[in-house]
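What follows is a single structure, and I will ask about it in a moment.
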Amino acid sequence: MPIDLLCVISIILQNGTDSQQVSEVAYLVLVAVLLVKAMWKYRNLQPFIDHNFAKEHVTLVTSFGFLIAMGHVFAVAFYLVGSRSDNHDNWLRFSRLDNAEWSTRYIFSLYWAFTTMVTVGYGDITPQNKYEVCVVIVVEILGTSIFGYMINIIGMTLS
Amino acid sequence: MKLSKLYFLIELSLLLINVLMIWFVSVQSAFNVEEGFSALPSVWQTVAVLDIFITLNTARVLEGREIKNRWRIFKMYLGG
C-alpha cells in the first residue's frame, strides 16, 4: 500500500507542476516505484509459475522480456542524449527526425537499439557528438553481453 | 504456496498493467507525448484500488488458528 501511495503522489506531482525539472524527477520516481511493484508482483506469482510451467520455458520467456526491456531502455537513453544535446550535431537532426512525431522518433530509436544489440549495425543511424558516442559505447558493451546471454539461453533450452 | 487460477490471472493482469505503465511513463517523459495518454492517472488509480482490494483479501493461519487479518480488520472498520 505505501507503494501505491507513492505512485499517486508522483502522479499528482507530475500533473500539478509546470516545472520541467520536478516533472522529470516525478517521472523517474514513478518508473522506479512501478519497477519495484512489478518485481514484487512477479515474486508473488513465482511459486505458481514454477509449479505449472517448465523451468526452461519460463527462463526463455523472461529472457526475451528482459531483452525487449533493455532495448527500450537503450532506445530511450540514445534518444534523450540526442534530443538534449545543445549543439546541432545530433543523430536526430542527421536522420531528419527532429521534427517527426513521437511514434516515428520512438520506432527509429528502438530500431537503432536492437540493430546495435544484435550486432547488425546497419550504420544508417550513427552518433554525431561525443555524448552520443559515449552512450553507444555503453550500449555496445551491455547490449552484446545481453544478446550473447540470450543466445546461450536459447541453446540450452533447445538442447 | 497454492494460488487459485483466478487469483493467478488477476495478479498476472496487474503485473502486465504495471509493465505497460512503466512503458507508458518512460515514453511519455522521454518523447514529450502530448496526446493519447491523458487517461494514465485514472487507469493507474483504478489498478491501485483493485490491487489494494486483492491485497487486503488475504487469510493467514498461525499454528492452525486463523489470526486477525487485514480483511477482517477492514470489515470491522466497515461495521461488519
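For the residues A:Leu34, A:Leu67, B:Leu6, what sequence is obtained by ranking on other C-beta atoms within 10 Å, fewest first? Display every interim value, and only then the final one.
Values: A:Leu34 25, A:Leu67 19, B:Leu6 8.
Starting with the residue having the fewest Cβ neighbours, the order is B:Leu6, A:Leu67, A:Leu34.
For A:Val118 paired with A:Val133, estimate the spin-label separation in nm (one decimal), with each label point 7 Å from Cα along the Cα-to-Cβ line.
Roughly 2.8 nm, to one decimal.
Exposure proxy check: A:Lys55, A:Lys37 ranked by fewest other beta carbons within 10 Å? Display every interim value, and only then the final one.
Working: A:Lys55 10, A:Lys37 21.
Going from sparsest to densest Cβ surroundings: A:Lys55, A:Lys37.
Taking neighbour counts of Cβ atoms within 10 Å as a proxy for exposure, in what order, fewest first, do A:Ile68, B:Ile17, A:Ile141 appear?
Values: A:Ile68 13, B:Ile17 19, A:Ile141 10.
By the 10 Å Cβ count, ascending: A:Ile141, A:Ile68, B:Ile17.
So how far, in whole Å, is the C-alpha centre of region A:81-134 from the one of region A:27-64?
30
Please state the charge dipole magnitude for region A:54-159, taken about the Cα centre, from unit charges on C-beta atoms (+1 on K and R, -1 on D and E), reported in debye and rounded to the nearest 20. Show your work: numbers first, answer last.
Details: 6 positive and 8 negative charges, 23 e Å.
Dipole of region A:54-159, to the nearest 20 debye: 100 debye.
Measuring from label point to label point, each 7 Å out along Cα→Cβ, what is the A:Ile154 to A:Leu28 span in nm?
3.6
Averaged over peptide A:72-83, how many Cβ atoms belonging to another chain are found within 10 Å of each residue's Cβ? Present the calculation step by step, with values, prior to reporting the outcome.
Details: counts 4, 1, 0, 4, 5, 1, 0, 3, 3, 0, 0, 3.
Mean shielding count: 2.
Taking 7 Å along the Cα-to-C-beta vector as the label spot, tell me the A:Thr59-B:Trp23 distance in nanometres, rounded to one decimal.
Going by the 7 Å Cα→Cβ label model, 2.6 nm.
As I understand it, the dipole of region A:24-115 uses +1 on the Cβ of Lys and Arg and -1 on the Cβ of Asp and Glu, about the Cα centre. Which of A:Ile107, A:Leu34, A:Ser83 lies farthest toward its positive end?
A:Leu34
Every number here is computed from the coordinates shown, using simple stated rules; none is lab data. For clarity, every value in this text was computed on a predicted model and none was experimentally measured. Here Cβ is always computed from backbone atoms with ideal geometry, including for glycine, and neighbour counts include all displayed protein chains.
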